[in-house]
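Below is one structure, written out as structure tokens, with a few remarks after it.
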Amino acid sequence: TELEIRRENQRLLLRQAQAADGKKSWIAADPPDTPIDEGKIVELTSKLARVECKRFADEATWSSAGLDTPVATVTLRHDDRTRFPDSVLWIGKAAGPNEVYAGAPGRPTVLVIDASVASELDPSRLER
């Protein structure tokens, strides 16, 4: 499993690796020497798993929501891509107090989600 985070000119690719004892942990795959904080990555993946749509932004267009040039992008790639397609979330502009626009490629619907998700999508926050 891989988790890729892009924000502005930063990119961090994390890969889940299995140790000899069977435990899985996250490692930095690109850039490979990035010292990462495993606890922060686990916290981020938990938060991403619980992202909820607060409302549909019928008033916003893809462009006005900033999704044509996202502020941040997170991509989850599963090992078994035949059963689990890639999951991609684009983060756009602020939608209101503590809210941001969000969307996914190939889906025209503009969503509004909690802004705390966007603030977590900063590769430098995951470093030790």
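The values are calculated or read from the model by the stated rules, or taken from the named source; none is laboratory data. As the structure is a prediction and not an experimental result, all values here were calculated from the model. Because the Cβ atoms are built from the backbone with ideal geometry, glycine has one as well, and the counts that use them run over all protein chains shown. The accessibility values were calculated without ligands, DNA or RNA, using every heavy atom of the protein model including side chains. Shrake-Rupley method; radii C 1.70, N 1.55, O 1.52, S 1.80 Å.
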Could we say that R55 is over 16 Å from the mean Cα position of the chain (by Cα) and among the charged types (D, E, K, R) here? yes
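Does D79 meet the test of being part of a loop (DSSP other than H, G, I, E, B), open to solvent by 40 Å² or more (accessible area, probe 1.4 Å) and at pLDDT below 85? Spell out how you get there, then give the answer.
Working: part of a loop (DSSP other than H, G, I, E, B): yes; open to solvent by 40 Å² or more (accessible area, probe 1.4 Å): yes; at pLDDT below 85: yes.
Against the criterion (part of a loop (DSSP other than H, G, I, E, B), open to solvent by 40 Å² or more (accessible area, probe 1.4 Å) and at pLDDT below 85), D79 qualifies.
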A careful count of residues in the range 96-113 that are within 14 Å of V74 (Cβ to Cβ) and among the acidic types (D, E) gives 0
Scanning the range 100-118 for residues that are part of a helix (DSSP H, G or I) and touching a strand residue (DSSP E or B) at 6+ places or on another chain (Cβ under 9 Å), the one farthest from I36 (Cα to Cα) turns out to be A115
Test E52 against the criterion of being farther than 15 Å from I5 by Cα and of a type in the set (D, E, K, R), and give yes or no.
yes
Residue set V74, V42; condition over 16 Å from T109 (Cα atoms), within 16 Å of the chain's Cα centre (by Cα) and modelled with pLDDT of 90 or more; output residue V74
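Yes/no matrix, rows are residues, columns are (1) out of contact with any His (no Cβ under 9 Å at 6 or more places or on another chain); (2) within 20 Å of A49 (Cβ to Cβ); (3) open to solvent by less than 60 Å² (accessible area, probe 1.4 Å):
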residue	(1), (2), (3)
G66	yes, no, yes
T75	yes, yes, yes
D86	no, yes, no
I91	yes, yes, yes
G96	yes, no, yes
E99	yes, yes, yes
G106	yes, no, no
V112	yes, yes, yes
Flagged pairs (Cβ under 8 angstrom, 6 or more apart or on separate chains; first in the range 90-106, more than 16 Å from D68 (Cβ to Cβ); second assigned to a loop (DSSP other than H, G, I, E, B)) are E99/K54
Handout entry: Test result for T61, of a type in the set (S, T, Y) and at pLDDT below 85
Key = no
